[in-house]
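The values are calculated or read from the model by the stated rules, or taken from the named source; none is laboratory data. It should be emphasised that the depicted structure is a prediction, and the values quoted were computed from it without experimental measurement. All Cβ positions, even for glycine, are placed from backbone atoms using ideal geometry, and neighbour counts span all protein chains on display.
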Number of protein chains: 2
Amino acid sequence: MTAAHVQQPDIQQPELEPWGPSEVPTTALLTDHYELTMLRAALQSGTADRRCTFELFGRRLPDGRRYGVVAGVGRALRALSHFRFDDESRQFLLDRGVVDRQTADWLADFRFSGQIWGYAEGDIYFPGSPLLIVESTFAEAVLLETLMLSIYNHDSAIASAASRMTAVADGRPCLEMGARRTQELSAVAAARAAYIAGFSGTSSLEAGRRYGVPTIGTAAHAFTLLHDSEEDAFRAQIQAMGTDTTLLVDTYDVDTAVRTAVRLTDGKIGAVRLDSGDLPVLAKHVRTLLDDLGAKDTTIIVTSDLDEWQIAALAGAPVDGYGVGTALVTGSGHPTSGFVYKMVARATSDEPDAPLVHVAKKSTGKATVGGRKYPWRRFDAAGVAETELIGIDKDPVLEHGRPLLVPLVKDGEIVGREPLDAARDRHTRARAELPLDALKMSRGEPVIETVFV
Amino acid sequence: MTAAHVQQPDIQQPELEPWGPSEVPTTALLTDHYELTMLRAALQSGTADRRCTFELFGRRLPDGRRYGVVAGVGRALRALSHFRFDDESRQFLLDRGVVDRQTADWLADFRFSGQIWGYAEGDIYFPGSPLLIVESTFAEAVLLETLMLSIYNHDSAIASAASRMTAVADGRPCLEMGARRTQELSAVAAARAAYIAGFSGTSSLEAGRRYGVPTIGTAAHAFTLLHDSEEDAFRAQIQAMGTDTTLLVDTYDVDTAVRTAVRLTDGKIGAVRLDSGDLPVLAKHVRTLLDDLGAKDTTIIVTSDLDEWQIAALAGAPVDGYGVGTALVTGSGHPTSGFVYKMVARATSDEPDAPLVHVAKKSTGKATVGGRKYPWRRFDAAGVAETELIGIDKDPVLEHGRPLLVPLVKDGEIVGREPLDAARDRHTRARAELPLDALKMSRGEPVIETVFV
């Protein structure tokens, strides 16, 4: 590696803080059965210790997308630190006949001891970008396949959708409210990924506790229905939360609700939320009504089944924030990123210093580019990204470009931890480097080309 | 409730077994911020103890689907039993200003103490089917909203897609292999949901340990690439796993691989797996080759990007099993079920014996049917389902039909646990009750109509 790869001034190393009781204590069985049977067969045949390079990448972007966003790095490192085959896990594998005693004993001592390089979290990726490069023995590297793919495939899909939303929202805050529409722990990961891609807050309390994402929320329709009148409900909410709260005004009649909200707060109600109807028209109507009633500082939040196209359609409406649910947590049509994890090089023998050779399968439509990759993003004279340039087995070292790999794990030690805001800030910078076409909502090709050299 | 609702002979009550270290110890913060602020405001205004009925239902099926499959019931009950605001959770909520001291103290003692009825796991549902009915105080019922929705929305989406796949596979085994394409813990839930809907096994080891789903898997392309030759790799796998293993034969040349597999095992190789190419043509070719080589008992497993339409297209091909990944774990185009959780009735005052009145919001396009529901599936003379008949505030008690609610929680005690195979068996029976049109792959309307009476 050149020095350019190693220097990453914005990678900090915060202390590893406990996440508390809702964390999963071991991640080792979040793994496919066949990783263990491959390990078992390789231990038996003597090939388990062959040095290998594996790569995590996507063959293409989700159909029509211009760029993708890397997310999951911090979660993957956390999961790696908890990847331990404890007694219970090993006993399960033995009882089920997945592994033999030799393999179970090997697993008892397992700690990943190799090197992992990867794209930094929040950065942009394109087809063929090597998001992770794992250099280790076959035995160690193959075990990580499923867990790394699960985390990257999910988190990057959410971040990639979220980035399009925050781009088109153009500075207006986007709020993540999709927990109820996806699996309960995916929801927590989705809130984190959305924050990296520029969302301002989340409804998920666990995302607040675990990752420090700001949490938001006030009341649902049920709260209004609980009370004998909408006015009673509003009064109760204002009493508990103060006038700077957000009142949901579409349970019955919107105009009546807005008038009540303004009256109860002397025009000081913080915000009103619209969760149904023709939002561009309704927002304009409510803005006029609020202004007429003297509540000029009251903001309008909209929330009903928004996606990046709905947000675009609301660009001209007097809206101050977008709550996004289903479309965000399902990746807006692309709930997975389609990443794969492939061996791209291996040692010619079991000797520790045996040279590595390229390997690549030839399966129809699934061919792999062999060799260790050195990815750079090349810029034109104006500083705009123009090529994803990927060196094979050699570092291209560009004058106008930046290297894309950062060290994540060195000799088994996790070195790539960083605060979540570092990833969020990086995303803002990396997206700003792209050609303007990247932000088009219409379907198209990746905004820059990937070139292997 | 009538006796008919209470009698459910196939609901058993197994012991609650520990799932081990990968279980999440508390689920209380897998909750939206606004549930807690509503609680806080209701405690302050004195409405928190009003008796309420909440309902979890879908307004429609995913576009084009004929029926949906209920899944997540067992997970939801498990999550409910772990729904505790421990010291750390409460401190977080206080530190962030989500709740005040009064609310935090209330949460310390929180145990759900109400009644929950629901559709049994594995049963079929239609638009408007009340999948869960929660009868409790507002404070208790509102806290469950996000967690119940997350679990039901995800698990039922997976089971609904899986059921279409097992239906069209028509007895050939379907194997769940999608862990790598979805969030790492969604993967475990997806494997469980797929098993309920008739899948035979999963690649996910954690699903094996946690839920007892059979796990399957042998080797990936990387195992072949690791070795100096394909023959070396096959020999290593056979030595470790026996001849009854499944060899992946498309890393290089399929014909050569099949010949090698047969030669190394004297024609006794258990199965070959095809993971690329034009599968209907290739499967036929490989079947002929295997037969010509005398390996007539060797089976063929196919795995490349299958969904229900691909499985249908392979109906005439000599295929013995389907491995399904991405399409399964993403709900085959519908990654969420679109369920909502709405208040449908509440007491007229805070008195414990105050009568309940219907409530329903009037938001455009999101109207709710108020009242406590009593759903039945009505059959025609031939025993085929013809209507989802839902009584409002009264039990219709049909002669040719079955009641759809089972008791899940009584006075806070979980009574609805059952072995996973009970749900799987129920799904087989419930799907067999539907009109044949239910199994059409083409897009269409729900196969029976929902009628409120």
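Scanning the range B:215-230 for residues that are facing chain A (nearest Cβ under 7 Å) and either part of a loop (DSSP other than H, G, I, E, B) or in contact (Cβ under 8 Å) with a residue 12 or more places away in the chain (or both) turns up B:Thr215, B:Ile216, B:Gly217, B:Thr218, B:Ala219, B:Ala220, B:His221, B:Phe223, B:Leu225, B:His227.
Filtered by the rule that a residue be at the interface with another protein chain (Cβ under 10 Å from one of its Cβ atoms) and in a helix (DSSP H, G or I), the range B:68-101 gives B:Arg75, B:Ala76, B:Ala79, B:Asp87, B:Glu88, B:Ser89, B:Gln91, B:Phe92, B:Leu93, B:Asp95. Number of residues in the range B:272-285 that are in a loop (DSSP other than H, G, I, E, B) and either of a type in the set (Gly, Ala, Ser) or surrounded by fewer than 21 Cβ atoms within 10 Å (Cβ to Cβ) (or both) equals 3. Restricting attention to the range A:159-177, the residues that are touching a helix residue (DSSP H, G or I) at 6+ places or on another chain (Cβ under 7 Å) and at the interface with chain B (Cβ under 9 Å from one of its Cβ atoms) total 0. Taking the conditions exactly as written (at pLDDT 95 or above, β-branched (Val, Ile, Thr) and more than 21 Å from B:Asp49 (Cβ to Cβ)), does B:Ile133 satisfy them or not? Criteria not met by B:Ile133.
Yes/no per residue for (1) buried (at least 17 other Cβ atoms within 10 Å of the Cβ); (2) in the same structural domain as A:Tyr125 (by TED's automatic domain parsing); (3) under 27 Å from B:Ala179 (Cβ atoms):
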residue: A:Gly323; (1), (2), (3): yes, no, no
residue: A:Lys342; (1), (2), (3): yes, yes, yes
residue: A:Arg346; (1), (2), (3): yes, yes, yes
residue: A:Pro355; (1), (2), (3): no, yes, no
residue: A:Ser363; (1), (2), (3): yes, yes, yes
residue: A:Thr368; (1), (2), (3): yes, yes, yes
residue: A:Gly371; (1), (2), (3): yes, yes, no
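In this structure, A:Arg111 does not satisfy being of a type in the set (Lys, Arg), over 25 Å from the mean Cα position of the chain (by Cα) and outside any loop (DSSP other than H, G, I, E, B).
When restricted to residues that are within 26 Å of the chain's Cα centre (by Cα) and either assigned to a strand (DSSP E or B) or within 16 Å of A:Ser81 (Cβ to Cβ) (or both), the range A:122-149 contains 12. Applying the condition of being surrounded by fewer than 24 Cβ atoms within 10 Å (Cβ to Cβ) and assigned to a loop (DSSP other than H, G, I, E, B) to the range A:199-214 and asking which residue is farthest from the other protein chains (Cβ to nearest Cβ) yields A:Ser200. Whether any residue in the range B:348-359 is of a type in the set (S, T, N, Q) and more than 23 Å from the chain's Cα centre (by Cα) is what I want to check. Taking every residue of the range B:348-359 in turn, at least one turns out to be of a type in the set (S, T, N, Q) and more than 23 Å from the chain's Cα centre (by Cα). For the range A:257-271, a residue qualifies if it is in a helix (DSSP H, G or I), of a type outside the set (A, V, I, L, M, F, W, C) and within 17 Å of A:Ala219 (Cβ to Cβ), and exactly one does: A:Thr260. The set of residues in the range B:168-209 that are farther than 18 Å from A:Gln183 by Cβ and of a type in the set (Val, Ile, Thr) contains only B:Val168. With respect to B:Leu132, is the statement that it is buried (at least 23 other Cβ atoms within 10 Å of the Cβ) and in contact with an Asp or Glu (Cβ under 8 Å, 6 or more places away or on another chain) true? Against the criterion (buried (at least 23 other Cβ atoms within 10 Å of the Cβ) and in contact with an Asp or Glu (Cβ under 8 Å, 6 or more places away or on another chain)), B:Leu132 qualifies. Residues in the range A:231-253 that are within 11 Å of chain B (Cβ to nearest Cβ) and over 38 Å from the mean Cα position of the chain (by Cα): 3 in all.
Just name the residue that is farthest from B:Thr224 (Cα to Cα) out of those in the range B:270-295 that are among the small types (Gly, Ala, Ser) and modelled with pLDDT of 95 or more.
In this case the residue turns out to be B:Gly294.
For the range A:178-198, the tally of residues that are crowded, with 24+ Cβ neighbours inside 10 Å and away from chain B (no Cβ under 14 Å) stands at 3.
Listed here are the residues, each with its yes/no results for (1) among the acidic types (Asp, Glu); (2) touching a helix residue (DSSP H, G or I) at 6+ places or on another chain (Cβ under 8 Å); (3) at pLDDT 95 or above; (4) on the phi > 0 side of the Ramachandran plot.
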residue	(1), (2), (3), (4)
B:Gly20	no, yes, no, yes
B:Thr31	no, yes, yes, no
B:Arg50	no, yes, yes, no
B:Phe57	no, no, yes, no
B:Gly64	no, no, no, yes
B:Tyr67	no, yes, yes, no
B:Arg84	no, no, no, no
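Which of the residues spanning the range B:40-49 are crowded, with 23+ Cβ neighbours inside 10 Å and part of a loop (DSSP other than H, G, I, E, B)? Within the range B:40-49, just B:Thr47 meets the criteria. So for the range B:254-269 (the condition being facing chain A (nearest Cβ under 9 Å), modelled with pLDDT of 95 or more and more than 37 Å from the chain's Cα centre (by Cα)), does at least one residue qualify? There is no residue in the range B:254-269 that is facing chain A (nearest Cβ under 9 Å), modelled with pLDDT of 95 or more and more than 37 Å from the chain's Cα centre (by Cα).
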